[in-house]
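Report on one structure; see the data block that follows.
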Amino acid sequence: RWAQPNRPRESVSWYEAMAFCRWLSNRLGYEIRLPTEAEWEKAQRDEDGRDYPWGYGYRAGFANVDEKAAGVGPVFLEQTTAVGLYPQAASPYGVEDLAGNIWEWCLNEFEDIDRTRPGGDAARALRGGSWYGAPEEAGASFRYGNKPVVRSLIIGFRLACASPISH
């Protein structure tokens with residue numbers, strides 16, 4: 001829906017995100033994949049177990065979420081925003097956009113977090129909340145799951161990879 005090249009891709013099913021990862025891995029010559037929930041949560045929470053990438057408690061203006069409906073801020077943009085628009089909300093690892101903007105597919109199943117193999121039709125985990133959701137959905141502990149065939153304006157994905165540098 002929003003075709004600007006600096007916005008997250010939305011309306012992508014889990015299967016399509018996995019196919020993109022496979023295509024990019026082949027093109028680059030090293031593994032690109034979706035992050036597991038544990039990896040995703042670690043990137044947002046850090047070692048101190050924070051609620052959000054920036055620390056504890058929601059802060060108005062730190063994420064693209066529906067602040068109006070929740071009564072915690074004046075903003076509801078009703079669309080995705082450019083990647084990196086909230087640099088003040090970067091995690092301690094420097095990872096941006098972990099809170100709000102778009103729900104992100106994770107590699108693992110929702111009900112069985114240890115199952116990361118492709119295939120099947122079990123619900124897959126999503127993390128991070130979206131522009132359409134409440135601030136608490138963007139928190140580190142909030143989990144959501146959906147069928148891997150689902151496409152939605154509030155669902156996209158993030159890539160993960162091991163360092164391609166040889167040891």
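The values are calculated or read from the model by the stated rules, or taken from the named source; none is laboratory data. Keep in mind it's a predicted model, so treat the numbers as computed, not measured. Glycine gets a Cβ as well: all are built from the backbone with ideal geometry, and neighbour counts include every protein chain shown. Heavy atoms of the whole protein, side chains included, go into the accessibility calculation; ligands, DNA and RNA do not. Shrake-Rupley method; radii C 1.70, N 1.55, O 1.52, S 1.80 Å.
Structure summary
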{"quantity": "The stretch 1-155, accessible surface, carbon-and-sulfur percent (1.4 angstrom probe)", "calculated": "52"}
{"quantity": "The chain - share of DSSP beta bridges that are antiparallel (%, nearest 5)", "calculated": "70"}
{"quantity": "The stretch 54-120 - percent relative contact order, Cα under 8 Å, separation 6 or more", "calculated": "25"}
{"quantity": "Distance in nm between pseudo-label sites at ARG27 and ALA69 (7 Å out along the Cβ direction from Cα)", "calculated": "3.4"}
{"quantity": "Point-charge dipole on Cβ atoms (K/R +1, D/E -1) for the chain, about Cα centre, debye to 20", "calculated": "560"}
{"quantity": "Whole-number accessible area per residue in Å² for the stretch 1-85, which is evaluated in the context of all protein chains at 1.4 Å", "calculated": "55"}
{"quantity": "Accessible solvent surface per residue of the stretch 100-164, calculated while the other protein chains remain in place, 1.4 angstrom probe, Å²", "calculated": "45"}
{"quantity": "Selection from LEU24, ASN101, GLY139 lying farthest towards where the dipole of the chain points positive, charges on Cβ", "calculated": "LEU24"}
{"quantity": "Rounded to 10°, Cα long-axis angle of helix 14-28 versus longest principal axis of the chain", "calculated": "60"}
{"quantity": "Å³ per residue enclosed by the Cα convex hull of the chain", "calculated": "123"}
{"quantity": "Estimated [θ] at 222 nm from DSSP helical runs (n ≥ 4, -39500 (n - 2.57)) normalised by residues in the chain, nearest 500", "calculated": "-5000 deg cm²/dmol"}
{"quantity": "Euclidean distance between Cα centres, the stretch 43-73 to the stretch 85-146, Å", "calculated": "14"}
